[in-house]
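Visitor: Dropping a structure here in structure tokens format, bear with me for questions.
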Amino acid sequence: MSIALAIVIHLLSAVVWVGGMFFAYIVLRPAAAALEPPQRLGLWAGVFKLFFPWVWAAILGLLLTGYWMIFGYFGGFGGSGMHIHLMHAAGLVMIAIFLHLFFAPYQRLRKAVASADWPAAGGQLAQIRRLVGINLILGLIVVIIASGGRYLF
């Protein structure tokens, strides 16, 4: 794989994940707040069902291309700048947060929506919102580090 292809896949993966979180948190969340709980919670369950496969693909793309660049281009972590280490660490934290979000509150949200338990679904959506907010902030920081980190560190 050429470095150019790795960079393109890496950047597209980051854009899909971080851009999707930005849209969901900044645009969709306030608009969906006007809906009644059954419609709002059903909407979010449907949005996550469609978006999360893209997040899984983005994570795979980021990990494969990131490690390929680290070991195939930079010669390992020792040859990588501080900005690479910071992106790597933040990326792993983001993945851990997503894994928790997907396997815990999202699964509970799906079950609560399926059984029309709107108070329980609302509680899970609130937890998901907080986790997405944290990941969005981390993702935006990673974008800053990726675009200017080698000049800052």
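Visitor: Which value, in debye to the nearest 20, describes the size of the charge dipole of region 6-137 about its Cα centre when Lys and Arg Cβ atoms bear +1, Asp and Glu Cβ atoms bear -1, and nothing else is charged?
Guide: Roughly 240 debye, rounded to the nearest 20.
Visitor: For the ranges 47-59, 132-144, what's the packing order if you count other beta-carbon atoms within 10 Å of each residue, average per peptide, and put the highest first?
Guide: Sorting 47-59, 132-144 by mean packing, highest first, produces 132-144, 47-59.
Visitor: What is the set of long-range amide H partners of residue 35 at a cut-off below 5 Å, with H atoms built 1.01 Å from backbone N?
Guide: Close amide H contacts, sequence-distant or interchain: none at all.
Visitor: Here's another thing I want to ask about it. At 0.36 nm per residue, and after removing the present C-alpha to C-alpha distance, how many nm does the segment from residue 152 to residue 89 gain when stretched out fully?
Guide: Contour length minus the Cα-Cα distance gives 21.0 nm.
Visitor: A further question follows. Tell me the label-point distance for the pair residue 47, residue 114, using the 7 Å Cα-to-Cβ offset, in nm and rounded to one decimal.
Guide: 2.2
Visitor: Residue 130 to residue 67: extension gain in nm, 0.36 nm per residue of separation minus the Cα-Cα distance?
Guide: 19.8 nm
Visitor: Against the globular-protein guess of 2.2 N^0.38 Å, express the Cα radius of gyration of the chain as a ratio, rounded to two decimals.
Guide: Dividing the Cα Rg of the chain by 2.2 N^0.38 Å gives 1.17.
Visitor: Sticking with this structure for a sec: In whole Å, what is the distance between the alpha-carbon centres of region 92-153 and region 21-78?
Guide: That distance is 8 Å.
We did not get these values from a lab; they are worked out from the coordinates using the rules stated. Predicted model, so just to flag it, every value in this text is computed and none were measured. Virtual Cβ from ideal backbone geometry, glycine too; neighbours counted across all protein chains shown.
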